[in-house]
Amino acid sequence: MVTPRMRTAHFALSHVGCVRTLNEDRCLSNAEAGLFVVADGMGGHDAGEVASTAIVERLEQVTRQGSAIELASSFRDAITAANADIRRYSRLNGDKVIGSTVVGLLVFESDYRCYWSGDSRAYLLRGDTLTQLSRDHTEVQDLLNRGLLTKEEAAVYPRRNVITQAIGVSDYVYMDFTDGHILPGDTFLLCSDGLTGHVSNLEIGEAMAGHKPERICRDLVEVVLDRGGHDNVTICVIQFFAASATVPLSGYPA
């Protein structure tokens, strides 16, 4: 939970895009619990929607916790339960491989923890510096990490969208995480790959600088749609302010 030492404003936006007819992305914004999530389902037909919905429905049950450790434990327990739900659905439907990426920002007082599995991303804009907090679980990122591809080669690698981790594809749940301290003025952005498939990190940072959460979300979705919107796109933006800042009903300091 965000304590009186820090106030928050947040906004989330999801769009089906220009090509697909079904939106398999899901998001959750629960400032009271200190939990913000984006999930991007996969599996074809409505199976991806089932997976991402299972994740969000489990996480909706997470409530305000008494410590950062308890919040992290509740998050992991919910993801583990969602993984079991998805695996059960898969077995009942001919062992079809379905799953969902997930990226989650957990906030307790002035600390955060970011979890992820798959290629949905988390960013932090602090001052003029944009940092990508997550690292994609993809085939192309693995090759980059091993020095087997250059960034230029990765941009045209034919299997660059193949992910190597997701919730629901295995009985074992794998997530990476990173921790940090929140400063007044920090802006976090969570997104599905429907954004990063069309918009560079530089452009994301420029769109985030000096704007309200709603403006950031709407401007970036507009860019995605202008560039073809080949996938569903979901964005969640969370900003933090000192307790002295007045946050009106619109969710942004006056």
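The values are calculated or read from the model by the stated rules, or taken from the named source; none is laboratory data. Just so we're clear, the structure is a prediction, and the values are computed from it rather than from any experiment. Methodologically, a virtual Cβ is constructed for each residue, glycine included, from the backbone with ideal geometry; neighbour enumeration extends over all protein chains shown.
A few notes on this one:
- Of the helices (runs of 4 or more DSSP H) lying entirely inside the stretch 185-239, those containing at least 1 residues that are of a type in the set (D, E), surrounded by 22 or more Cβ atoms within 10 Å (Cβ to Cβ) and touching a Lys or Arg at 6+ places or on another chain (Cβ under 9 Å) span 193-196.
- Selection from the stretch 89-127 of residues that are farther than 26 Å from D231 by Cβ, of a type in the set (D, E, K, R) and free of Cβ contacts under 8 Å to residues at least 40 places away in the same chain: R91
- Any hit, the stretch 69-88, residues being crowded, with 20+ Cβ neighbours inside 10 Å, within 16 Å of D231 (Cα to Cα) and in contact (Cβ under 8 Å) with a residue 12 or more places away in the chain: no
- Residues in the stretch 35-48 that are surrounded by 19 or more Cβ atoms within 10 Å (Cβ to Cβ) and more than 14 Å from the chain's Cα centre (by Cα): M42, G43, A47, G48.
- Verdict on L35 being modelled with pLDDT under 95 and not hydroxyl-bearing (S, T, Y): no
- Positions within the stretch 93-148 being out of contact with any His (no Cβ under 9 Å at 6 or more places or on another chain), among the charged types (D, E, K, R), in a strand (DSSP E or B) and under 20 Å from A33 (Cβ atoms), in sequence order: R113
- In this structure, D179 does not satisfy being surrounded by fewer than 16 Cβ atoms within 10 Å (Cβ to Cβ), of a type in the set (D, E) and outside any strand (DSSP E or B).
- Looking at A166, A243, A209, A154, just one residue is free of Cβ contacts under 8 Å to residues at least 24 places away in the same chain and farther than 18 Å from S14 by Cβ, and that residue is A154.
- Answer from T21, T8, T53, T63 - the residue that is part of a helix (DSSP H, G or I) and surrounded by fewer than 23 Cβ atoms within 10 Å (Cβ to Cβ): T53
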